[in-house]
Amino acid sequence: MTAPNSRFSFGLQRVLDLREQREQAVAMRLGAANEAANEARNAMDTLAAVRNASGADLARAHGQSQSVGQLHQNERVLASLDVHIKAASETVEATAAAVEKARSDLNMAMQQRRVISRLRERREEEWRVANTRSERTAMDALAIQRHGRQTPDQPMDGVK
């Protein structure tokens, strides 16, 4: 019986390494998508706050005497803010979809890596068992060989 290698070697190690690298890249993409989504939400919230403040100013202006031109200009500003808020909302939805896609990709990458990783663990355990068995067989063969060389009147390794 031949002794197994003294070091464990996994044939699919390169595949495992590539899957780990892909998982890290997808995780970085998820982080960037999360950051973009947060920025889009913050921008939309800021626009909404400006819109609410402007709306309150317009309501107060209606209670005061202002010219029709000023009121019309305030309403145009609010309409413009509404358009920007709608665009920001669409951006938030798009970035949220990108986050979900990146999260899904990350889950898939993690699953693919775990499959290879578990296979590696099983193969390494099989290698350990085979290596231990081989070492025991070699030690048994050595003990039998040493025992066979002894003559009946010789004491065993210093034992009298």
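The values are calculated or read from the model by the stated rules, or taken from the named source; none is laboratory data. Quick caveat, the model's predicted, so the values are computed rather than measured. Ideal geometry is used to build each Cβ from the backbone, glycine not excepted, and the neighbour counts take in all protein chains shown.
Return the total of residues in the stretch 65-93 being part of a helix (DSSP H, G or I) and either touching a residue at least 60 places away in the same chain (Cβ under 8 Å) or small (Gly, Ala, Ser) (or both).
Here the count works out to 6.
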For this session: Return the residue satisfying two criteria in turn: it lies in the stretch 1-35 and is modelled with pLDDT of 95 or more and of a type in the set (Gly, Ala, Ser), and of such residues it is nearest to the chain's Cα centre (by Cα).
Result: Ala27
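Does the stretch 86-96 hold any residues that are of a type in the set (Ser, Thr, Tyr) and surrounded by fewer than 17 Cβ atoms within 10 Å (Cβ to Cβ), and which are they? Steps first, please.
Of the stretch 86-96, the ones of a type in the set (Ser, Thr, Tyr) are 89, 91, 95.
Once the filter is applied, which keeps residues that are of a type in the set (Ser, Thr, Tyr) and surrounded by fewer than 17 Cβ atoms within 10 Å (Cβ to Cβ), the stretch 86-96 yields only Ser89.
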For this session: Collect the residues in the stretch 97-122 that are surrounded by fewer than 16 Cβ atoms within 10 Å (Cβ to Cβ) and over 21 Å from Gln21 (Cβ atoms), keeping them in residue-number order.
Result: Ala97, Glu100, Arg122
Exercise. At pLDDT 90 or above and in a helix (DSSP H, G or I): does that describe Ala96?
Worked result: yes
For this session: Looking only at the stretch 51-67, decide whether some residue is closer than 30 Å to Asn34 by Cα and either exposed (fewer than 13 other Cβ atoms within 10 Å of the Cβ) or among the hydrophobic types (A, V, I, L, M, F, W, C) (or both).
Result: yes
Seminar exercise, completed: Exactly one of Ala56, Ala43 is in a helix (DSSP H, G or I) and either modelled with pLDDT under 90 or under 30 Å from Glu125 (Cβ atoms) (or both), and that residue is Ala56
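Does Asn74 count as surrounded by 13 or more Cβ atoms within 10 Å (Cβ to Cβ) and not basic (Lys, Arg)? Don't jump to the end; show me each part of the working.
Numbers: surrounded by 13 or more Cβ atoms within 10 Å (Cβ to Cβ): yes; not basic (Lys, Arg): yes.
Here the answer is yes, as Asn74 does meet what is asked.
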